[in-house]
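Below is one structure, written out as structure tokens; the observations come after it.
The values are calculated or read from the model by the stated rules, or taken from the named source; none is laboratory data. Bear in mind that the values here come from a model prediction, so they are computed numbers and not experimental data. As a convention, Cβ positions derive from the backbone with ideal geometry for all residues, glycine included, and neighbour counts pool all protein chains shown. For the accessible areas, the whole protein counts, side chains as well, though only heavy atoms, and no ligand, DNA or RNA atoms are used. Shrake-Rupley method; radii C 1.70, N 1.55, O 1.52, S 1.80 Å.
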Amino acid sequence: MEISEHIQVVAAEGELLARAAAEAGTDAKVPTCPAWQVRDLLRHTGMVHRWAAAFLTERRASYRLGGELPDLDGDALVEWFREGHAALVATLESAPPDLECWTFMPAPSPLAFWARRQANETTVHRVDAESARGGTPSPLDVDFAVDGIEELLFGFHAREKSRVRSDVPCVLRVRATDERTWTLRLSDGPPVAEHGATAPADCEVSGPAGRLYLALWNRLPFPQVTGDTALAALWREKSAIVMG
């Protein structure tokens with residue numbers, strides 16, 4: 001996907017998130033994140049938006065913690081989220097393509113990294129907000145879902161921080177039934193992702209790209225699991241993301 005497409009996703013998904021949060025109310029429980037209420041979701045995502053924008057606007061060359069969470073609630077908290085989201089979108093849209101700043105995964109450029117990362121961050125938490133509101137969730141674009149799966153497999157879980165490991169080498173197949181297939185080789189080191197069915201699989205998780213994307217982010221059960229179900233359970237237990 002192009003940078004401009006990722007920015008469009010950030011803009012649209014943030015609006016959906018704010019709308020769902022306002023409709024649910026900040027007291028509402030978030031079924032996809034059982035420890036959270038909507039206020040926690042808004043504070044977290046709003047802080048991440050401001051944190052990401054600061055790397056771009058200040059050309060930060062090294063990691064820094066995010067800012068403090070606001071002591072706001074109700075409509076004021078929703079508005080605070082909207083302000084930070086709008087500022088992030090404006091920052092991404094106005095940033096020069098050759099901008100240099102800190103990132104934490106390989107990407108064609110820092111701007112490409114932050115646009116993609118915030119597109120996925122905002123989308124996953126939009127799903128959380130809609131789960132709190134209830135009703136029919138907004139659909140996911142297939143191309144975006146595939147791109148997001150690749151960020152997860154080839155980006156996050158290629159890092160040393162990934163806890164998806166196995167004492168015995170094995171293979172997890174990830175198959176988007178409406179798009180493409182990936183192979184994830186598990187060992188006592190970080191998982192190694194490959195395009196296609198490059199090795200016999202001990203377990204396969206599969207389903208439409210949009211549902212598979214949310215399952216890999218632990219927002220839905222896997223649509224289908226075949227083979228050694230312990231590997232699917234390993235993913236659900238160990239794949240939570242550590243930022244930075």
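For the reader, a short list of remarks on this structure follows.
- Residues in the range 127-141 that are assigned to a helix (DSSP H, G or I) and either of a type in the set (Ser, Thr, Tyr) or touching a Ser or Thr at 6+ places or on another chain (Cβ under 7 Å) (or both): 4 in all.
- Qualifying residue in the range 32-40 (condition: open to solvent by less than 50 Å² (accessible area, probe 1.4 Å) and in contact with a Phe, Trp or Tyr (Cβ under 6 Å, 6 or more places away or on another chain)): no
- Residue match in the range 122-139 (condition: crowded, with 19+ Cβ neighbours inside 10 Å, among the charged types (D, E, K, R) and under 14 Å from the mean Cα position of the chain (by Cα)): yes
- For the residues LEU111, LEU88, LEU153, LEU92, the requirement of being under 12 Å from the mean Cα position of the chain (by Cα) and surrounded by 19 or more Cβ atoms within 10 Å (Cβ to Cβ) singles out LEU153.
- Cross-chain or 6+ apart pairs with Cβ under 8 Å, the range 111-136 first and closer than 14 Å to MET1 by Cβ, then buried (at least 22 other Cβ atoms within 10 Å of the Cβ) and acidic (Asp, Glu): ALA119/GLU13; THR123/GLU13
- Strands (runs of 3 or more DSSP E) wholly inside the range 179-244 that include at least 1 residues being open to solvent by 60 Å² or more (accessible area, probe 1.4 Å) and on the phi < 0 side of the Ramachandran plot: 181-186, 192-195, 224-227
- Residue match in the range 174-184 (condition: of a type in the set (A, V, I, L, M), touching a Ser or Thr at 6+ places or on another chain (Cβ under 8 Å) and more than 26 Å from TRP114 (Cα to Cα)): no
- Checked against (1) closer than 19 Å to PRO137 by Cβ; (2) assigned to a helix (DSSP H, G or I); (3) within 16 Å of the chain's Cα centre (by Cα), CYS33 passes all but condition (2).
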